[in-house]
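Working notes for the structure below.
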Amino acid sequence: VVAPGKDYHWYRLGDDCMWTHKPGTTAATNVDASNSPITNPETANRNSGQINYTDFCGYFYVPVGGIRIGTP
């Protein structure tokens, strides 16, 4: 997600099918800015009052073995 001209932020899908994120220097959490569990990062409250991540950009998939970048 993106706060245009300010910041970007990532969410991670866990084995329990819940989404987590790590806001700034705080511990990782599975709740959004409304303190609701994050079941969908597209619909989660992403406005903390200090910064508002208004733009949902999409999903990335990283396989268990990771991704190799560059020549083998």
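The values are calculated or read from the model by the stated rules, or taken from the named source; none is laboratory data. Quick caveat, the model's predicted, so the values are computed rather than measured. Positions of Cβ are backbone-derived with ideal geometry, glycine not excepted, and every protein chain shown enters the neighbour counts. Quick note on the areas: whole protein, heavy atoms, side chains included, nothing else; ligands and nucleic acids left out. Shrake-Rupley method; radii C 1.70, N 1.55, O 1.52, S 1.80 Å.
Could you work out how much longer the chain between Trp10 and Ser34 gets when fully extended? Use 0.36 nm per residue separation minus the Cα distance between them, nm to one decimal.
Gain on extension, Trp10 to Ser34, equals 6.9 nm.
Once you have the Kirkwood Rh of the chain from its Cα pairs, apply Stokes-Einstein at 10 °C and 1.306 mPa s and quote D in µm²/s.
Reported coefficient: 118 µm²/s.
Full-extension gain between Ile69 and Met18, please, as 0.36 nm times their residue separation minus the C-alpha to C-alpha distance.
Extra length available between Ile69 and Met18 comes to 15.5 nm.
How charged is the neighbourhood of Ser48? Take every other residue with its Cβ under 14 Å from the Cβ of Ser48, and add Lys/Arg as +1 and Asp/Glu as -1. Each step should come with its number before you reach the end.
Details: positive: Lys6, Lys22, Arg46; negative: Asp7, Asp32.
Local charge sum for Ser48: +1.
If you plug each phi of segment 58-72 into the Karplus form 6.51 cos²θ - 1.76 cosθ + 1.60 with θ = phi - 60°, what whole-Hz ³J(HN,Hα) values come out, in order, with x for Gly and Pro?
Once θ is set to phi - 60°, the couplings for segment 58-72 become x, 10, 10, 10, 10, x, 3, x, x, 10, 9, 10, x, 7, x Hz.
Please report, as a whole percent, how much of the solvent-accessible surface of the chain comes from carbon and sulfur atoms (probe radius 1.4 Å).
Values: 3080 of 5700 Å².
For the chain, the apolar C and S fraction of the accessible surface comes to 54 percent.
By how many nm would the segment from Ala27 to Asp55 grow when fully extended, if each residue of separation counts as 0.36 nm and the alpha-carbon distance is taken off? Mind showing how you got there, number by number?
Working: separation 28, 0.36 × 28 = 10.08 nm, distance 2.33 nm.
Going from the current span to full extension adds 7.7 nm.
May I ask you to evaluate 6.51 cos²θ - 1.76 cosθ + 1.60, the Karplus curve with θ = phi - 60°, for each residue of segment 32-48 and list the ³J(HN,Hα) values in order in whole Hz, giving x for glycine and proline?
For segment 32-48, the Karplus-derived couplings read 8, 5, 9, 6, 9, x, 8, 9, 7, x, 5, 10, 5, 6, 10, 10, 7 Hz, x marking Gly and Pro.
With every protein chain kept in place and ligands, DNA and RNA left out, what is the accessible area per residue of the chain? Probe 1.4 Å, answer in Å². Mind dumping the intermediate values first?
Numbers: 5700 Å² over 72 residues.
Each residue of the chain exposes 79 Å² on average to a 1.4 Å probe.
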